[in-house]
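**Student:** Sharing a structure here in structure tokens format.
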Amino acid sequence: MKFREYKIGSRMFGLAFGLSMTITLLFPSFDLAASVSSEVGLDKQLAIGWDSGWQLSDPTLLGLNKPLKILVKKDPKSGKPIEPAIYAYVYPAGTSLPNGVIHTANLGHGVEELSIKDGRITEAQKKDGAVFIIKHSDHLETFEGKGHPLAYVENATATMGWTPDDVIKAAADTDILHAGSGKTMFVREGCWWCHTLLPEQTQDWQVFGAPPMLGDFNGMSPTSFGSDRKGPDLLHVGSRNASREWMMLHFFNPRLVQPHSIMPRFDYLWGKVDAKGDKIDFAKWRKEYDEYREGQRTTPPDVPMYAKDSEIRNLIDFVVNLK
Amino acid sequence: MILKYLFAKNKDIPVGSSAIYFGFSSILWFVIGTGLGSFNAAKLAFPDFVTGTEMFAFGHMRQVHVLAVIFGWISMAFAMAMMYITPILGNTRLWSEKLGMWNCFMWNIALSLGLTLMWMGVTSGREYSDFPWPIDLAVAAFVSIPLAVNVWMTILTRRTQGIYTTNWFFAAATFMLIIVFLVGNLPEYFHLTGLTEAYMTWWFAHNVLGLWITPVAAAIAYYVIPKVTGNPLYSHRIGHLHFWSIVVFYSTPAAHHLMSAPLPEWLKSFASVEGVLILVPAIAFVSNILLTMQGKWNMFVENLEIRFTVVGVLLAIPLNMQGGFQQTRSINWYIHGTGWMVAHAHLALLGFSTFLEAAAVYLGLQTLMKRKLYSLTLGNLHFWLLLIGFSTYWISMTIAGLIQGAGKIYEVPYIDVVIAEHPYMIARWLGGSMVFSSTLIWLYNMWMTAREGTIIPSGRMPHELAYER
Ligand code: HEM
């Protein structure tokens, strides 16, 4: 080894690099690990499920292995109406459970204890599936001297006997949101190269809504904040515009509703057939649209209604769910 | 050809083969990467250009461009520089040409596979670490670890007393790349989530740029300038300052990419301050190189490699002035998430670093193939198209970014910002297409050099011969 003379140098290097990793990785990890999941965070993590990027159970990002977010208007067991209606997060049998249920520490101090004790989340099993709801505790959790009501997760399968099948059967299709699969579409289609999910802590929020808080992301992967914007921030887009019709036209061809948009067309997410099961003739549509653009037609061709199980349905569910 | 050497005995492989293969691979990836870039730019200027298919959607192609230029062009050009410069500086041969050949072969395969999958939408959804973790592990195993082994073993088996500046950087950067790659992808192996995932994503992105691309590009300048001008490096002390301040200051400001996320405030303030300190290595580097040029400034005009290197070094000045200040809160507020950042990214990678890598590949291929550059005219054309194309890109996106920033702060309806940016999007596309065409010229020029360049007599260096065309 002719490296002897560099002994001091290599040790200094180890020290410098080690110190830098300690400050930039180890120290922040304590802070971040201490974050307590907010209600927004719980809703996101339960609606989106385990992971939205590449995963072994969905290697080509088709939106598999995902929960459903379902508006429950009456108790699926007793049939009694629930006023006001609540959202249930339904994990059909075999669906990976969200991170906070598997690693409860992820929920943060207070929420973790409540979710285990009152919410019985540790009884949820991937192989049988589970239904979760968000509950609020009566006792206040003190944090920095102030009392905060905490939201926590309840395993409705354990506490009330709601099975995933019950809840899905009792719900109308319009009450079911495929927001989890939609997030996979959002990641796969690269919406986050043009849209952020992170209003900034400046005036930004007056247009795009409140910037997120610590605890709004627990259990989410990937967070897909996005780094450069070519379109509006989408974190709260569902509160600005929840019209599914507008979304449908806009995704099929953004220039139908916004002539100056540079957003790409996502018509290919419609798949082969429309809601009635008829084959969609894209070539014809594009031809007619070009004629419309050149002024040979007074109206653009009609946008086909998407099928219930199409990818665009998932994506629209995800987008309108961004409240 | 390459197959013949993959299974040959190490001593039967001609010296420099792996560097030559890496050199040509890098130029090919340069062509592919900038071609994709210019295609993407066309889509942002004219959204209905090639539309309606998943494969050619912007969201599927953008990351392919970015990773093709970073891991194809830039990193392979680095590998070429290392396999050629490290042995020369150690007065020895590359530790293993065979490992180098396999490294090059597997690198091309792993990258093509990863990019094809990503093009289909197979992504982890994390910027810059977009590859799913099995591909990440393949990259570590076939790309960065073999490269580091070869570089380190060559340095350890050197036949010189000391280690020259360039080789410190090569040794440290190859080592840090492995660590950054393995640690930065932890969220994927262990399914870390939430802000931890977001922060680690940017920790990776920041360090890949700061601990891999910047130091290795600088190391190239430390070699090319003294070698070609014949001047000794102005100061080894300043070189030390550069090296250590990169390790200390450049590895810490990762959080400045997430200034508007709810990360701990101390972390953001820390990153903000550390970020300004990158001016230390930057000033050390630029002054050291420019002072080395003393008395030889005529070569800036006359010699192609020097011209590329010095332009790269000069571009490091605006680059670091931007880099040092754009993460202070008062400025980040304005420019975060706008085209300004895209301009800055291209100033770093297409300006500063690409010019330095191009110099290394020009010089290395001529030296190793013992052939003088085929045509100076084509070389000049390459240089000017690259410089003008890049400047057009940089200026247009900077303006677009400032418009976007103003729109953000004055709450202009977003669509008006999109309309106002449109001319600059077209300008960017034109500039980028110039860069793309320059790469085709370069590929042709290097190919012709390999076939028809004048043979350089042994013991002579390329710049000692006159250009013939
Ligand atoms: C070696 C040369 C190049 C390198 C290293 C490079 C690198 C990059 C990087 C790092 C990004 C991400 C920027 C960010 O996230 O802020 C990017 C984006 C991009 N690049 Fe390049 N680039 C190169 C050449 C080109 C060329 C010639 C074009 C042609 C116009 C181009 C067009 C683009 C476009 C359109 C984007 C997307 C920007 C956006 O999302 O707003 N690039 N490139």
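**Student:** Before anything else, pin down the relative contact order of segment A:123-264: Cα pairs under 8 Å, at least 6 apart, normalised by residue count, whole percent. Mind showing how you got there, number by number?
**Tutor:** On the way: 138 pairs, mean separation 22.9, N = 142.
Value for segment A:123-264: 16 percent.
**Student:** Can I ask one more? Can you pull out the chymotrypsin sites (Phe, Trp or Tyr not before Pro) in segment B:392-452 whose DSSP state is coil and whose Cβ has at most 14 other Cβ atoms within 10 Å?
**Tutor:** B:Y410
**Student:** Determine the shielding of peptide B:57-66 by partner chains: average, over its residues, the number of Cβ atoms on other chains within 10 angstrom of each Cβ. Don't skip to the end; give the middle numbers.
**Tutor:** Numbers: counts 8, 9, 11, 5, 2, 4, 2, 0, 0, 1.
Mean number of neighbouring Cβ atoms from other chains: 4.
**Student:** What does the helix-only formula give at 222 nm for chain A: each DSSP H stretch with n ≥ 4 adding -39500 (n - 2.57), the total divided by the residues, and the result rounded to the nearest 500 deg cm²/dmol?
**Tutor:** Theoretical 222 nm ellipticity from helices: -8500 deg cm²/dmol.
**Student:** Only four residue types carry charge here, +1 at the Cβ of Lys and Arg and -1 at the Cβ of Asp and Glu. Report the dipole size of segment B:312-455 about the Cα centre in Debye, rounded to the nearest 20.
**Tutor:** With only Lys, Arg, Asp and Glu charged at Cβ, the dipole is about 480 debye.
**Student:** Please list, by residue number, everything in segment B:404-424 whose backbone N is under 13 Å from a paramagnetic label point 7 Å out along Cα→Cβ of B:F46.
**Tutor:** none
**Student:** If you rank B:M55, B:M434 by how much accessible surface each has, with a 1.4 Å probe, what is the order from largest down? Let's see the in-between values first.
**Tutor:** On the way: B:M55 85, B:M434 55 Å².
Result, largest first: B:M55, B:M434.
**Student:** Alpha carbon centre of segment A:154-223 versus segment B:1-38: separation in Å?
**Tutor:** 46 Å
**Student:** I'm checking a number: the convex hull volume of the Cα atoms of segment B:153-215, normalised per residue, in Å³. What is it?
**Tutor:** Hull volume normalised by residue count: 74 Å³.
**Student:** R0 = 25 Å: FRET efficiency of B:V301 with B:A345, Cβ-based, nearest 0.05?
**Tutor:** Working: r = 30 Å, r/R0 = 1.19.
Once rounded, the FRET efficiency stands at 0.25.
**Student:** How many nm is it between the label spots at A:D165 and B:A406, if each spot is 7 Å from the Cα in line with the beta carbon?
**Tutor:** Going from the A:D165 label point to the B:A406 one covers 6.4 nm.
**Student:** Let me ask something else. Kirkwood hydrodynamic radius for segment B:293-469: how many Å is it when counted over pairs of different Cα atoms?
**Tutor:** Values: mean 1/r = 0.0558 Å⁻¹.
Answer for segment B:293-469: a Kirkwood hydrodynamic radius of 17.9 Å.
**Student:** Next question, about the same structure. Pull up the cross-link candidates among the lysines for B:K4, meaning alpha carbon to alpha carbon under 22 Å and not fewer than 8 places away within one chain.
**Tutor:** Once the sequence-local lysines are set aside, what remains near B:K4 is B:K98, B:K370.
**Student:** Starting from one equal scatterer on each C-alpha and no solvent at all, send me the Debye-based log10 I(q)/I(0) for segment A:1-145 at q = 0.13 Å⁻¹, two decimals.
**Tutor:** Relative scattering, expressed as log10 I(q)/I(0), comes to -0.74.
**Student:** Considering the dipole of segment B:293-469 built from charges on the beta carbon (Lys and Arg +1, Asp and Glu -1) around the Cα centre, which of B:G323, B:P457, B:G389 is farthest to its positive end?
**Tutor:** B:P457
**Student:** Lysines within cross-link reach of A:K44: Cα-Cα under 17 Å, excluding same-chain residues under 8 positions apart?
**Tutor:** Within reach: A:K66, A:K69, A:K135, A:K183, A:K323.
**Student:** Looking only at GluC sites (Glu not before Pro) in DSSP loops with at most 12 other Cβ atoms within 10 Å, what is the longest site-free stretch of chain B?
**Tutor:** Counting at most 12 other Cβ atoms within 10 Å as exposed, the longest clean stretch of chain B is B:1-410.
**Student:** Using DSSP to call loops (not H, G, I, E or B), can you name the chymotrypsin sites (Phe, Trp or Tyr not before Pro) in segment B:284-382 whose Cβ has at most 14 other Cβ atoms within 10 angstrom?
**Tutor:** Working: sites: B:F285, B:W297, B:F300, B:F308, B:F325, B:W333, B:Y334, B:W340, B:F352, B:F355, B:Y362, B:Y374; in loops: B:W297, B:Y374.
Of the chymotrypsin sites (Phe, Trp or Tyr not before Pro), the ones in loops of segment B:284-382 whose Cβ has at most 14 other Cβ atoms within 10 Å are B:W297.
**Student:** Once you have a ≥ b ≥ c as the square roots of the Cα gyration tensor eigenvalues for chain B, tell me rounded if a/c is under 1.5, and otherwise prolate or oblate according to whether a/b is larger than b/c. Write out the running numbers ahead of the final one.
**Tutor:** Working: a/c = 1.42, a/b = 1.38, b/c = 1.03.
Judged from the Cα gyration tensor, chain B comes out rounded (a/c under 1.5).
**Student:** Only bridges whose two residues both fall in the protein assembly as shown count here: according to DSSP, what percent of them are antiparallel, nearest 5?
**Tutor:** Counting DSSP beta bridges with both partners in the protein assembly as shown, the antiparallel share is about 100 percent.
**Student:** Can you give the accessible area of A:I86, probe radius 1.4 Å, in Å² rounded to 10?
**Tutor:** My reading of the accessible area for A:I86 is about 60 Å².
**Student:** For n ≥ 4 DSSP H runs only, could you compute -39500 (n - 2.57) per run for chain B, divide by its residues and tell me the 222 nm figure to the nearest 500?
**Tutor:** So the calculated ellipticity at 222 nm is -22500 deg cm²/dmol.
**Student:** Between A:A242, A:A283, A:A179, find the one with the highest GNM mean-square fluctuation for chain A; connect C-alpha pairs within less than 10 Å.
**Tutor:** Comparing A:A242, A:A283, A:A179 in a Gaussian network model of chain A, the most mobile one is A:A283.
**Student:** Moving on to the next point. Rounded to whole Å, give me the distance from the Cα center of segment B:128-144 to that of segment B:46-122.
**Tutor:** Centre-to-centre distance over Cα atoms comes out at 12 Å.
**Student:** Something else: Pick from A:P98, A:P211, A:P259: which is most flexible by mean-square fluctuation in a GNM of chain A where alpha carbon atoms under 10 Å apart are linked?
**Tutor:** Greatest mean-square fluctuation among the candidates belongs to A:P259.
**Student:** Just to verify a number: what accessible area does A:D278 come out at with the full protein assembly present, 1.4 Å probe, Å² rounded to tens?
**Tutor:** 80 Å²
**Student:** Would you tally the net charge around B:H191, using a Cβ to Cβ cut-off of less than 11 Å, leaving B:H191 out, and scoring K and R as +1, D and E as -1?
**Tutor:** -3
**Student:** When a/c is below 1.5 the answer is rounded, else prolate if a/b is larger than b/c, else oblate, so apply that to segment A:184-320 with a ≥ b ≥ c taken from the square roots of the Cα gyration tensor eigenvalues.
**Tutor:** The shape class here is prolate.
**Student:** Could you tell me the calculated FRET efficiency between A:A242 and A:D75, based on Cβ-Cβ distance and R0 = 30 angstrom, to the nearest 0.05?
**Tutor:** 0.65
**Student:** According to a simple spin-label model (label point 7 Å from Cα along Cα-to-Cβ), what is the distance in nm between B:L430 and B:L113?
**Tutor:** Going from the B:L113 label point to the B:L430 one covers 4.4 nm.
**Student:** Here's something else I'd like to know. How big is the charge dipole of the protein assembly as shown about its Cα centre, in debye rounded to the nearest 20, if each Lys and Arg gets +1 on its Cβ and each Asp and Glu gets -1 on its Cβ?
**Tutor:** Values: 61 positive and 60 negative charges, 557 e Å.
Its charge dipole is roughly 2680 debye.
**Student:** Determine the share of segment A:42-82's accessible area contributed by carbon and sulfur atoms, expressed in whole percent, with a 1.4 angstrom probe.
**Tutor:** 65 percent
**Student:** When only C-alpha pairs under 8 Å and at least 6 residues apart count, what is the relative contact order of chain B, in percent?
**Tutor:** Dividing the mean separation by the residue count of chain B yields 16 percent.
**Student:** Follow-up question, since we're still on this one. Based on the alpha carbon coordinates of segment A:110-246, what radius of gyration and maximum Cα-Cα distance (Dmax) apply, in Å?
**Tutor:** 18.2, 47
**Student:** Buried accessible area between A and B (1.4 Å probe, both chains summed, ligands and nucleic acids excluded), in Å² to the nearest 100?
**Tutor:** Summing both chains' loss of accessible area gives about 6700 Å².
**Student:** Okay, moving on. Using only the Cα atoms, what convex hull volume per residue in Å³ does segment B:36-177 have?
**Tutor:** Normalising the Cα hull of segment B:36-177 by residue number yields 105 Å³.
**Student:** Here is a follow-up. B:M369: net charge of surrounding residues, Cβ under 13 Å, Lys/Arg +1, Asp/Glu -1, itself excluded?
**Tutor:** Here the count lands on +3.
**Student:** What longest range of chain A stays clear of loop-exposed GluC sites (Glu not before Pro) (DSSP non-H/G/I/E/B, at most 14 other C-beta within 10 angstrom)?
**Tutor:** The longest such stretch corresponds to A:145-293.
**Student:** Moving on. First check a/c for chain A, with a ≥ b ≥ c the square roots of the eigenvalues of its C-alpha gyration tensor; if it is under 1.5, answer rounded, and if not, answer prolate when a/b is larger than b/c or oblate otherwise. List each step's numbers first, then the result.
**Tutor:** Details: a/c = 1.96, a/b = 1.22, b/c = 1.60.
Since a/c reaches 1.5 but b/c is at least a/b, the shape of chain A is classed as oblate.
**Student:** Among the lysines, which fall within straight-line cross-link reach of A:K287, defined as a Cα-Cα distance under 24 Å, with same-chain neighbours fewer than 8 residues apart omitted?
**Tutor:** Leaving aside lysines fewer than 8 places away in the same chain, those within reach of A:K287 are A:K272, A:K276, A:K279, B:K43.
**Student:** Right, next: Based on a Kirkwood Rh over C-alpha pairs, give the Stokes-Einstein translational diffusion coefficient of the protein assembly as shown at 4 °C and viscosity 1.567 mPa s in µm²/s.
**Tutor:** Diffusion coefficient, whole number: 46 µm²/s.
**Student:** Hey, with R₀ at 56 Å, roughly what FRET efficiency would A:A283 and B:M461 work out to, going by the Cβ-Cβ distance, to 0.05?
**Tutor:** Efficiency, rounded to the nearest 0.05: 0.40.
The values are calculated or read from the model by the stated rules, or taken from the named source; none is laboratory data. These numbers come from a predicted model, not from an experiment. Glycine gets a Cβ as well: all are built from the backbone with ideal geometry, and neighbour counts include every protein chain shown. The area values use the complete protein model at the heavy-atom level, side chains included, leaving out ligands, DNA and RNA. Shrake-Rupley method; radii C 1.70, N 1.55, O 1.52, S 1.80 Å.
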